[in-house]
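Worksheet for the structure shown next.
Each value in this text was obtained by applying a stated rule to the coordinates, not by laboratory testing. Quick caveat: nothing in here was measured; it's all calculated off a predicted structure. Ideal geometry is used to build each Cβ from the backbone, glycine not excepted, and the neighbour counts take in all protein chains shown.
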4 protein chains.
Amino acid sequence: MTINIGIIGAGRIGKVHAETLVTSVKGVKVLAIADVALPAAQETAARLNIPTATADYRQLLDNPDIQAVIICSATDTHAQMIVESAEAGKHIFCEKPIAFDLKKIDSALQAAEKAGVKLQIGFNRRFDPNFARVRQAVQNGEIGQPHMLHIISRDPAPPPISYIKVSGGIFFDMTIHDFDMARFLIGSEVTEIYTAAGVMVDPAIGEAGDLDTAVIMLKFANGVIGTIDNSRKAVYGYDQRVEVFGSRGAVNTGNQYPNSAVVSTVDNIRRDLPLNFFMERYTESYRAEMQAFITAVVEDKPVPVTGLDGHIPVVMGMAALKSYKENRPVRLDEIQA
Amino acid sequence: MTINIGIIGAGRIGKVHAETLVTSVKGVKVLAIADVALPAAQETAARLNIPTATADYRQLLDNPDIQAVIICSATDTHAQMIVESAEAGKHIFCEKPIAFDLKKIDSALQAAEKAGVKLQIGFNRRFDPNFARVRQAVQNGEIGQPHMLHIISRDPAPPPISYIKVSGGIFFDMTIHDFDMARFLIGSEVTEIYTAAGVMVDPAIGEAGDLDTAVIMLKFANGVIGTIDNSRKAVYGYDQRVEVFGSRGAVNTGNQYPNSAVVSTVDNIRRDLPLNFFMERYTESYRAEMQAFITAVVEDKPVPVTGLDGHIPVVMGMAALKSYKENRPVRLDEIQA
Amino acid sequence: MTINIGIIGAGRIGKVHAETLVTSVKGVKVLAIADVALPAAQETAARLNIPTATADYRQLLDNPDIQAVIICSATDTHAQMIVESAEAGKHIFCEKPIAFDLKKIDSALQAAEKAGVKLQIGFNRRFDPNFARVRQAVQNGEIGQPHMLHIISRDPAPPPISYIKVSGGIFFDMTIHDFDMARFLIGSEVTEIYTAAGVMVDPAIGEAGDLDTAVIMLKFANGVIGTIDNSRKAVYGYDQRVEVFGSRGAVNTGNQYPNSAVVSTVDNIRRDLPLNFFMERYTESYRAEMQAFITAVVEDKPVPVTGLDGHIPVVMGMAALKSYKENRPVRLDEIQA
Amino acid sequence: MTINIGIIGAGRIGKVHAETLVTSVKGVKVLAIADVALPAAQETAARLNIPTATADYRQLLDNPDIQAVIICSATDTHAQMIVESAEAGKHIFCEKPIAFDLKKIDSALQAAEKAGVKLQIGFNRRFDPNFARVRQAVQNGEIGQPHMLHIISRDPAPPPISYIKVSGGIFFDMTIHDFDMARFLIGSEVTEIYTAAGVMVDPAIGEAGDLDTAVIMLKFANGVIGTIDNSRKAVYGYDQRVEVFGSRGAVNTGNQYPNSAVVSTVDNIRRDLPLNFFMERYTESYRAEMQAFITAVVEDKPVPVTGLDGHIPVVMGMAALKSYKENRPVRLDEIQA
């Protein structure tokens, strides 16, 4: 069985999903792609033989042949599009974050639930084979009962200041992935957060009202204690590692490299820098999350990343920010919609 | 600019090349695929939207819109197809080995040269980012003048005995890749070969007239001394590593793994087995060699793996076998067409 | 030039220092060893050809030929022995911690200062070649300005409950080493501490009033944010690693292993467990700290680990404990003598 | 029980053994040290409290209190000293090689056997924990039946030309360790050797009649095929690695490093060079071989490295040289005393 898909948004991540769906995912046909910038939609449609390109995403919602949509538009449109897509009876894959407003998120989730459509959120890193292997080790008891978690998540370079001004800040544009990863790896909810952070990379980031360096401590309902280490600038490249320690052992992952060559000279023993950024590092995860969504729809099974999985990291971001501002541990139940 | 391609052979490697060309290579359009087993050609054509499927490869050669062919048919047809394709004025990518008969190889090479078409041989491992990085280190002098080379190349499990009986034997179905790699990494020709080998994995392989374990010593024209270590069965998986040692250092590569997770328990510190076989390990190299061929044709530049590169490893295989049989070092110039 | 030494305490660490001083340290002669348990002193004296064994450490202080003492007796005697040794004009090496009472520590430090004798505290890990290399990388700017620090410090198994009852608790018997390491690696003082901790390894530890698992966040005066991860039980062995991340790079260390052998089988790729505990892991550091002390005395140079270095980690332990009890970040200046 | 020892030779290795025996080996007392250069013997005796220093080794043989001798004198005296020591009824530890003349070796071995004294040869690398772990893996079947062996053994820099002129050449001053290691790891005898070699490091070595780069292929009686890779100059330091591949897996070892620190910067991911030469790399092995000898004598058990173990590598060196000169595989039984 095959389902027909429409893609909303032909920006960077929209193009990635389009290409993945057309070339590497089984059980799907891309019927249309929409973007307010019509030429972007047309360019991608032409390159990938997608029959329809349009500036109006409502064309996709009105098309009875389309059973599911991939929402890759600007963040501030996500919640509304989820609502409209749900009302149109389409299954939905939506990029994270759903919104920065908990009420909007809840409305979107309710709309999907009411319409009985599937809603998967784009936390692609769950599908990275490295982190998936860590979760497997935790879940199948290879390391016993988990006690501590560490996530290191550093970008190779900060985004433009213009982006930082509208991104919601480091906890919402960067740590949000790590908040999801923390819940995913441990399989328990975070109850309290304490944040230490600063501006160490670039004063301009501070002037824009944001932070560029943070260490966030997490307490989980099951007793696990975790930390997240974020920097907007690791000069040696994208640094993405995790470690879970438990009663019967530990599991950790290293970075991914473009090659395994080691060069030994009179100076040192060295290798090349890791894969530079998320498009290279998480290539496989983008394919796997798309396949998982399509399979969930085709086989009518639960999606692996739910609407609630989109809701909670936003709450965590709010708690992290509040903790930083007030320099005290903040319980997640202090955060109100 | 775009060129049109026909694919001859829809077996395992033919399918891989077809999919790669359709989805991941720039500057090319696949117009037709041929296979004596028509349903195989039709299945691949349907899946990848290739307009024409045929049982007769001559249809491709007769099609004036097709500028190049990818020959993935049975080995014993390669030489003849090169000749016919060259006479039809098509550029040619041909899977290795060209043939087991040096006269046939020479005829094929002469036909391509006479017709003025490009001929690239399918030594895909040259395009693996690990080995490419080693060659780069050698070429740009990172390790000075090379002195020694070691290649470890072990398969996870032997092929069926039925295959071994027709493959030409270990030096032609397995070591041939390593012979090419040796020349590629060192950038000099081998002049003499000494082989020690045995049947250690499975007596049935010996009964079929072949060997399953071999260490082959190579002397190069530039003085480098090399070894190749081959086994048909490494129980822990596909083992593919190289090392070049030189006057100013050394470079070596490790295996490729499905993930980087390390698990520590009371028993040991461990990781999962490496990627199991060539389709997983060399995925990227198949894409890169196709792109290199298409680019060479489109931009009218030399192909990176020439007909001569297809000829010499066969000579080396013959020398390796002769050395084993006579238990003495054999010079390559002892091998006559 | 050579100095004469007396050793006070012939327990486990006293024996280690005695053997090291006799066999591996230049510029020193051990004249006497004292222990309230005379047979222990006698056994070590006989084995190492130390001329005098006594039950009364005052014999050492009264001996005008002895220029320096190594205090390895029970923790609750350290401060008093420092005072007496200083008054006797002996240079002093004292095992950590000096005391659990800040007033006693201050008295001891003042006595040493007043007497003009050298006082070195036994934070041996500073002399481990791995951590020394990290500090070097930080100090010489290899990684630029430091931003974040992570210390993982896990014991292979908890000490006996009887020890835990008198040790002062995890922050004083275990984390105290990591507090010193944090200051050593970053070269700046900690101003605030936040602690999350629990009893996850053994309920008996909780019943004894202690914790067995802790994550401690540190804020440094220079802006660096750090974490310490402690567990009393890592089933795979002694786990001692650090990482410093900075504006121009990062440096981290791994564990030490009894051998480098990697075994690959059909199950996995594995190596043996790390060196099991501090006597194996930090062997070299015990030698190096003794040599450093002797050299400081002989050449009349500053000791590398001062009395203040013994004072501050105790303050940090008090702040860590207070933070845990009150679940809030605690500034070090809240801790009063 | 304790035995009394005399050391013959106070050069570099004699000093190492003296210090080890005095400070780190149980069950032994060093009574005397002899060296034709009396001041060398006296200096070591004074430093280590050895009662007697003499220019005449016969004093040690005549001393009835001495039960065993450690022969560390010049190679050309080894065989004669073994004979004399055996006739004096002393147990013998002798540095390798025993001699370069097989008749002399046999005479020495016969003398020891006739006298009923123990004779251990100084192949210290067998006691390195890395190689010991590899042998253990082979012996206890962790990797099944061994099929192939690879030894990489490269020095950081060539010895002086003056040494090369008298050392017997690369196969006797360098490869001899690897010949022993090959037999030790595989537990079977080598039957045939083929050598490819050259002068690549320094023409002066060739002018002195020696080689500086060699790859040696070994065939073992049990079917294993092995290689040894030797270079007199690895600019990145002492390179000592082995790998054994078998029917159920593989085991290999890496180099030893002064620290485990990894530095990541914008240039690369790097670590410091390995331990530079044998005194640092094989420190532990020197202690362990001395302890093994003393224990064998004290407990009257077989020595772990026999006279025959000293004989066979010399035969292998002769075969390797003959193979190189005649460019053909040479059987060990072609070599006559």
What angle, in degrees between 0 and 90 and rounded to the nearest 10, separates the Cα long axis of helix D:102-115 from the longest principal axis of the Cα atoms of chain D?
50
Considering only the other residues whose Cβ falls under 10 Å of the Cβ of D:Met148, what net charge follows from Lys and Arg at +1 and Asp and Glu at -1?
-1
Assigning unit charges at the beta carbon (Lys, Arg +1; Asp, Glu -1) and nothing else, what dipole magnitude in debye, to the nearest 20, does the protein assembly as shown show about its Cα centre?
0
Peptide B:236-245 - average C-beta neighbours from other chains (10 Å radius):
4
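So, counting K/R as plus one and D/E as minus one, what does the shell of residues with Cβ under 13 Å around C:Asp62 add up to?
With Lys, Arg at +1 and Asp, Glu at -1, the net is -2.
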If the label for B:Asn4 sits 7 angstrom from Cα along the Cα-to-Cβ line, what are its distances to the same label in every other copy, in nm to one decimal, shortest first?
3.0, 10.1, 10.3
Averaged over peptide C:211-221, how many Cβ atoms belonging to another chain are found within 10 Å of each residue's Cβ?
3
What residue among A:Val30, A:Leu109, A:Ala132 has its Cα farthest toward the positive end of the dipole of region A:1-157, where the charges are +1 on Lys, Arg and -1 on Asp, Glu, each on the Cβ?
A:Ala132
Given all pairs of different Cα atoms, what value in angstroms does the Kirkwood hydrodynamic radius of region C:97-226 take?
16.8
Counting only DSSP loop positions in region C:220-327, the GluC sites (Glu not before Pro) whose Cβ has at most 14 other Cβ atoms within 10 Å are C:Glu299
So what's region A:175-276 giving for Cα Rg divided by 2.2 N^0.38 Å, two decimals?
1.34
Measuring from its Cα centre, chain C shows a charge dipole (+1 at each Lys and Arg Cβ, -1 at each Asp and Glu Cβ) which, in debye to the nearest 20, is 520
At q = 0.10, 0.20 Å⁻¹, what is the log10 ratio I(q)/I(0) for region D:219-337, with the Debye formula run over Cα points and no solvent?
-0.55, -1.29
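What fraction, in whole percent, of alpha-carbon pairs in region C:202-260 exceed 15 Å separation?
Numbers: 1151 of 1711 pairs.
That tail contains 67 percent of the Cα-Cα pairs.
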For the protein assembly as shown, what is the calculated [θ] at 222 nm in deg cm²/dmol (nearest 500), taking -39500 (n - 2.57) for each run of four or more DSSP H residues and dividing by its residue count?
-12000 deg cm²/dmol
For A:Gly254, inter-copy label-point distances (7 Å, Cα→Cβ), nm, shortest first, read 0.3, 0.6, 0.6
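Hey, any idea what the orientation-averaged projected area of the convex hull of chain C's Cα atoms comes to, in nm²?
Convex hull of Cα atoms, orientation-averaged projection: 18.8 nm².
Within a Cβ distance under 13 Å of C:Gly187, other residues only, what is the Lys/Arg minus Asp/Glu net charge?
Working: positive: C:Arg126, C:Arg135, C:Arg183; negative: C:Asp180, C:Glu189, C:Asp309.
Result for the local shell: 0.
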Report, to the nearest 10°, how far helix B:175-186 tilts away from the longest principal axis of the Cα atoms in chain B, using its own Cα long axis and a range of 0 to 90°.
80
Count, for each residue of C:185-196, the Cβ atoms from other chains sitting within 10 Å of its Cβ, then give me the mean as a whole number.
2
√(5λ) per eigenvalue of the Cα gyration tensor, region A:105-176, largest first, Å:
28, 24, 11
Angle, helix C:307-326 long axis vs. longest principal axis of chain C, Cα atoms, 0 to 90°, nearest 10?
40
Inter-copy distances for A:Asn276, nm, shortest first, label points 7 Å along Cα→Cβ, are 3.5, 3.8, 4.9
Values of log10 I(q)/I(0), in the order q = 0.07, 0.08 Å⁻¹, for the protein assembly as shown under a Debye, Cα-only, solvent-free model
-0.88, -1.11
Farthest toward the dipole's positive end in chain C, which of C:Val263, C:Ile164, C:Thr2, given Cβ charges of +1 (Lys, Arg) and -1 (Asp, Glu) about the Cα centre?
C:Val263
Lys, Arg +1 and Asp, Glu -1 on Cβ, resulting dipole of region C:3-117 about Cα centre, debye, nearest 20
300
Quick one: of the DSSP bridges fully inside the protein assembly as shown, what percent are antiparallel, nearest 5?
55
Note the per residue figure in Å³ for the convex hull of the C-alpha positions in region D:3-117.
85
Once the dipole of chain D is set up from charges on Cβ (+1 Lys and Arg, -1 Asp and Glu), the residue from the list D:Gly226, D:Gly246, D:Val199 lying farthest towards its positive end is D:Gly246
